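These notes are about the structure you will find just below.
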Amino acid sequence: MSNAPSTRCYCGIKSPYSSCCEPYHKGESAPSAEALMRARFSAYMVKNYQYILKTYAPLYREELSVEELAQHSQYTDWLALDVIQHSTAMNTAHVEFKAYYRTDQGLYLMHERSDFIYEHSEWFYTEGKMLNDTGELTLKRNDPCVCNSGKKFKKCCGFQ
């Protein structure tokens, strides 16, 4: 299931997937909304749509299915996640992030402020608000790659 580099998880943390997000995918509860956000991103990377569905707040989960989540991601190649900021207050939290992805149509940025709730001793995603710079990205061939590999875009995630 995992093809992440052994030194960096899909979520961008400098730990292997096996000791970063995979334990959450296997049933361990994420200790914070930020950890849950990172684990959800990694779940999209490894196509673990059951985990994504499970981590929606119950009220929001009722309107979704694993099949629907998989279908919406069918043509999406997730590349990288940058957590910008996070805050927690009592049983709610907010995580602002930038997720980079590509489709057959081009390279894109999803810049979102996500909301989370803490219920039954677990964090759950409720909903998110897309921020203004969400949309198609234009990178030059020699720009640094969005996946933080240190390589040029053309030699890494760029269209070749």
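The values are calculated or read from the model by the stated rules, or taken from the named source; none is laboratory data. All values derive from a computational prediction rather than experimental measurement. Heads up, the Cβs are rebuilt from the backbone with ideal geometry, glycines too, and the neighbour counts pull from every protein chain shown. We work out accessible area using only protein heavy atoms, side chains counted, and drop any ligands, DNA or RNA first. Shrake-Rupley method; radii C 1.70, N 1.55, O 1.52, S 1.80 Å.
When segment 128-143 is filtered for residues that are of a type outside the set (D, E, K, R) and either open to solvent by 100 Å² or more (accessible area, probe 1.4 Å) or within 30 Å of MET90 (Cβ to Cβ) (or both), the ones remaining, listed by number, are GLY128, MET130, LEU131, ASN132, THR134, THR138.
Going by what's in this entry, would TYR44 be described as open to solvent by 60 Å² or more (accessible area, probe 1.4 Å) and farther than 21 Å from TYR118 by Cβ? Answer is no for this residue.
Take the conditions under 22 Å from GLU119 (Cβ atoms), open to solvent by 60 Å² or more (accessible area, probe 1.4 Å) and of a type in the set (A, V, I, L, M, F, W, C) and apply them to MET37. Does it pass? Against the criterion (under 22 Å from GLU119 (Cβ atoms), open to solvent by 60 Å² or more (accessible area, probe 1.4 Å) and of a type in the set (A, V, I, L, M, F, W, C)), MET37 does not qualify.
Being open to solvent by less than 40 Å² (accessible area, probe 1.4 Å) and either over 16 Å from the mean Cα position of the chain (by Cα) or of a type in the set (S, T, N, Q) (or both) is the filter here, so list the residues in segment 118-127 that pass it. The answer is THR126, and nothing else. Residue check: is ALA70 touching a Leu at 6+ places or on another chain (Cβ under 7 Å) and either among the aromatic types (Phe, Trp, Tyr) or closer than 24 Å to TYR17 by Cα (or both)? So ALA70 fails the test. Looking only at segment 77-114, residues that are assigned to a strand (DSSP E or B), open to solvent by 40 Å² or more (accessible area, probe 1.4 Å) and either farther than 20 Å from PHE153 by Cα or free of Cβ contacts under 8 Å to residues at least 24 places away in the same chain (or both) come to 10 in all.
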